[in-house]
Amino acid sequence: MTQARVHRFAAGMAGVAGVALATMAGAQQPRVDWPVYGGDAGGMRYSPLADVNRENVHRLTRAWTWATGETPIARTDSTRAARPGTFQATPIVVNDTMYLSTPFNRVVALDAGTGRELWRYDPGAHRYGQPSNGTGFVHRGVALWTSGRERRVFINSRWRLIALDASTGRPVSTFGSNGEVDVTQGLDWPVNPLHYTNTSPPVIWGDLVILGNGVGDRLMYRRDPPGDVQAFDARTGRRVWRFRTVPSPGEYGNDTWQDDSWRITGHTNVWAPFTVDSARGLVYLPVGTPSNDWYGGRRKGENLFGESVVCLDARTGRRVWHFQVVHHGLWDYDLPAPPNVVTIRRPAGAVDAVLVPTKQGFVFAFDRVNGRPLWPIEERPVAASDVPGEAAWPTQPFPSKPA
């Protein structure tokens, strides 16, 4: 990069801004990439760069601005009406190239130093009309897979997982069918693809692309889209494993769904970003609420793995451990944030941990390997429901620390 070097990138409503110091004296720091959505696989969102500090932050000026240019699209004979939502993407930056997604699920590569557009790919997501989330189109980012000199950018656009050549933005023809995979295929019941969407980027572990999905809260019907988590081979698009967030008979947790309600209940999806312990090959899922988000009379029981943090073996998709932060959810208390993979220093020594923030304002802390709570978690009695047919769970977990 030039001397007026770009140090930090900020996302706005409809574009991305590069911020630079007006002047910079002394030696340049080595380049530090931002290769995944959360900065690193564990979601720390921390940059070790120290060029910008308290003494010189007031000298920051805008180096460049790039805008998506996306506006509402009117209905035509071949497409439905669509409108972009807010810009929610966190760009990734690798080797001075910035990759990002737009609300309409377009993928763009920019020169990180100048903001010059290098390429753009449009999956045509808007042609199928508004997603069922009620907020307009939103998308939070992309994932990058590398193997030797080969690099692929992955975007999960609605019901498709798409692989792009990172140098050109063209679909990789050897991945799936001409560069894409329909991730609604092979689920336990047929899914209307227009009711299935994705907003958070997939995660990469080794040669696996792992992703959840989004299902609009307003979709409430028998066998609405399930929230299964799936892993695909980054080279071929072959599905390697699937984890059912609503367990089938013989799977752990199936007995928490009374009256065979597992047969008809969807959602229980992971719409927030995942995190990964890359060294151990563990992936952490912040799971959402089963359907219906506000009434559980047709799904009595604790309803695993709804509103739980679930740790999976990234190689196989096998459950390693879990903790349900809300039993039999009735309040749309999805886990809304990526679990943070951290190391906590304690008098007895360091503990590799995972921290799970919730909509209730709690933070749950666990040993990230075995799932043991780092501080006591109490099951406290809570109010019963007077809604006809409802059976609220009599207790809920409350962490004693850290919050």
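The values are calculated or read from the model by the stated rules, or taken from the named source; none is laboratory data. Keep in mind that what you see is a predicted model, and the values were worked out from it rather than measured. Counting neighbours? That spans all protein chains shown, and the Cβs are built from the backbone with ideal geometry, glycine included.
Screening segment 201-217 for residues that are in a loop (DSSP other than H, G, I, E, B) and buried (at least 21 other Cβ atoms within 10 Å of the Cβ) and picking the one that is modelled with the lowest pLDDT gives V215. Of all positions in segment 60-77, at least one carries a residue that is modelled with pLDDT of 90 or more, surrounded by fewer than 17 Cβ atoms within 10 Å (Cβ to Cβ) and among the charged types (D, E, K, R).
The one condition from (1) on the phi < 0 side of the Ramachandran plot; (2) in a loop (DSSP other than H, G, I, E, B); (3) surrounded by 20 or more Cβ atoms within 10 Å (Cβ to Cβ) that H328 does not meet is (1).
In segment 375-391, the residues that are more than 30 Å from A348 (Cα to Cα) and without any contact (Cβ under 8 Å) to a residue 24 or more places away in the chain form Cβ pairs under 6 Å with partners that are small (G, A, S) and not in a strand (DSSP E or B), at six or more places apart or across chains, as follows: A384/A392. Scanning segment 348-371 for residues that are surrounded by fewer than 12 Cβ atoms within 10 Å (Cβ to Cβ) and part of a loop (DSSP other than H, G, I, E, B) yields A348, G361, N370. Of all residues in segment 285-303, those being within 20 Å of P339 (Cβ to Cβ) and touching a Leu at 6+ places or on another chain (Cβ under 8 Å) number 4.
Quick test for you: out of T90, T76, pick the one residue that is touching a Leu at 6+ places or on another chain (Cβ under 9 Å) and assigned to a loop (DSSP other than H, G, I, E, B). Unique residue meeting the criteria: T90. Picking from residues in segment 83-108 that are over 20 Å from S200 (Cβ atoms) and in contact with a strand residue (DSSP E or B) (Cβ under 8 Å, 6 or more places away or on another chain), the one that is surrounded by the fewest Cβ atoms within 10 Å (Cβ to Cβ) is D96.
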